[in-house]
Amino acid sequence: MSLIAELSIQLQPLKNALLNIIVPLESSLEFVEDDLPEIAFENLQTTLSELFCKIEKLASTFRSGRLLRDGLKITLAGRPNVGKSSLFNSLLMSDRAIVTDVPGTTRDCLSELLSVQGVPVLLTDTAGIRASSDVIENLGVERTRRALSDADLVVLVQDGSQAFTAEDEKIISEISNNPYIVALNKSDLESFTFDSFESTKHQQSLVIPVSARTGAGLDTLCTAILKQFAGTESYDSGLLVTDARHFDLLRRAGASLISSSDLLKRRASEELVLVGLYEALHLLGEITGETTPEDVLSHIFATFCVGK
Ligand code: GDP
């Protein structure tokens, strides 16, 4: 099923809930003579708030939805020799990056597109942030900074077989504006330690032991990367909004509902409250197909059997 079809299905109950708010307000205007039940303002207010929350929740899936559709930019960072290029290669299962024992040999940023559990990922291996007198290496450092500022997520690679260094510390401060997770590499070595010392360095971030050499922990790393984006924002049905226009329509519908909700709270006239509600109905209709005045009327008749 297409995403738009799925979104329309998800929006149908929300539109019905909106109609259920519109109907009593509209009926009290249209059929003043008829003996209609009193409007239960408290209930309308509650339904309106619930509706607003659902629309907002759906809209808030937009960032992850867009990222998962368009792809994630993941950048590997870390001091030289921690195994960034090796990890890059293992993740790509190819040998594109030059792996070497000499620190600072990966002078440029390499990018490759790979599919992580079906999600397109543009993986970039960086030259490492190192002050250097070497002009070529400095060029790489500049590119590294750019790749870092572009990244949706940084994977900070650290060598778990060695003690934490001042250089590691410096790199953490360089990337601290980015969301990052830590790949604690070389878990295959005997000297590897994964102690609380490492975790306390990264209080806000996940630390995942991996071995670029044996491939251990790479699946966990990939799952952790995706989890950063699918996270807590998912809608009940798992549906993600990926279209900027839909996001905009949902946000505007939410804003209209809020203005009606404020008016309802202040017991403003039904006409005023209805303006925002119809606006929201119209905006949702741009996604699902328009709701005509006749649809509203037939909803009124179906609810109250008035005027028959
Ligand atoms: P970079 O400078 O951060 O890109 O590091 P490289 O990928 O060039 O690796 C530096 C050295 O560490 C090389 O000798 C690699 O073979 C070694 N290395 C990288 N990953 C691992 C690993 O998981 N285990 C072990 N034992 N060695 C590794």
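The values are calculated or read from the model by the stated rules, or taken from the named source; none is laboratory data. Keep in mind it's a predicted model, so treat the numbers as computed, not measured. In this analysis, Cβ positions are derived from the backbone assuming ideal geometry, glycine residues included, and neighbour counts consider all displayed protein chains.
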Query raised in the report: For Arg245, all conditions in the list (1) modelled with pLDDT of 90 or more; (2) within 22 Å of the chain's Cα centre (by Cα) hold save one; what is the number of the exception?
Result: (1)
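One line per residue, one yes/no per condition, for (1) under 18 Å from Thr220 (Cα atoms); (2) surrounded by fewer than 19 Cβ atoms within 10 Å (Cβ to Cβ); (3) at pLDDT below 80; (4) touching a Phe, Trp or Tyr at 6+ places or on another chain (Cβ under 9 Å):
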residue: Leu58; (1), (2), (3), (4): no, no, no, yes
residue: Thr61; (1), (2), (3), (4): no, no, no, yes
residue: Ser64; (1), (2), (3), (4): no, no, yes, yes
residue: Ile74; (1), (2), (3), (4): yes, no, no, no
residue: Ala77; (1), (2), (3), (4): no, no, no, yes
residue: Gly83; (1), (2), (3), (4): yes, no, no, no
residue: Met93; (1), (2), (3), (4): yes, yes, yes, no
residue: Asp101; (1), (2), (3), (4): no, yes, yes, no
residue: Leu113; (1), (2), (3), (4): no, yes, no, no
Requested in this report: Just name the residue that is modelled with the lowest pLDDT out of those in the stretch 146-190 that are in a helix (DSSP H, G or I) and more than 16 Å from the ligand (Cβ to nearest atom).
Outcome: Arg146
Query raised in the report: Can you tell me which residue in the stretch 212-231 is farthest from Gly118 (Cα to Cα), limited to those that are of a type outside the set (A, V, I, L, M) and surrounded by 15 or more Cβ atoms within 10 Å (Cβ to Cβ)?
Result: Arg213
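So for the stretch 72-79 (the condition being more than 16 Å from the ligand (Cβ to nearest atom) and under 27 Å from Ser149 (Cβ atoms)), does at least one residue qualify?
So far as the stretch 72-79 goes, yes, one or more of its residues are more than 16 Å from the ligand (Cβ to nearest atom) and under 27 Å from Ser149 (Cβ atoms).
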